[in-house]
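No value in this document is a laboratory result; all are computed from the given coordinates. If you're wondering where the values come from, they're calculated on a predicted model, not measured in any experiment. Please note: Cβ atoms are built from the backbone with ideal geometry, for glycine as well, and neighbour counts cover all protein chains shown.
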Amino acid sequence: MSTAEPKRSNESPLPTDVGADSGTIGLIVAGGQTLVRSALASLLAGTDGIDVVASTSRLDDSIRAATGHKPEVIVYLSPEADDSDALIAMISAMRIASPNSRVVILADNEASDQASDALIAGAAGYVIKSDDPSELLKAIDRGDVD
């Protein structure tokens with residue numbers, strides 16, 4: 001066990017030019033494990049042009065947040081299990097709660113059926129956690145991934 005202090009930096013590991021051309025992007029981080037969701041919300045909140053308006057764990061809390069905040073983007077941390085039905089239900093619920101919000105899925109792996117189902121259900125993007133962070137920012141900024 002090391003007793004060394006972790007290196008701390010005020011610089012975000014994410015590029016900081018998201019939303020620069022279009023103003024601030026209101027964003028909700030939904031689902032996933034508490035630590036991962038909180039860390040992602042903190043990273044995104046430190047990115048110029050992004051305003052994290054809520055971080056929610058349960059679907060009903062996410063629906064209330066989407067209804068109340070009407071964010072431009074909802075980033076959903078997909079569960080590890082390949083459950084396309086649950087993913088489709090979540091996307092549908094978010095699209096009903098906030099029809100103009102883009103839903104971006106952040107998934108553990110590239111399950112092609114799950115990715116296809118998510119996009120057919122109305123997700124604006126599907127990003128893999130192992131992708132470069134810039135891919136998530138592209139999906140947040142434009143609602144799609146190159």
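Assorted remarks:
- If the segment from S116 to T34 were pulled out straight at 0.36 nm per residue, it would be longer than the present Cα-Cα gap by 26.9 nm.
- Over the range 62-143, equivalent-ellipsoid semi-axes from the Cα gyration tensor in Å: 19, 15, 10
- Summed residue charge, Cβ within 14 Å of N100's Cβ, Lys/Arg positive, Asp/Glu negative: +2
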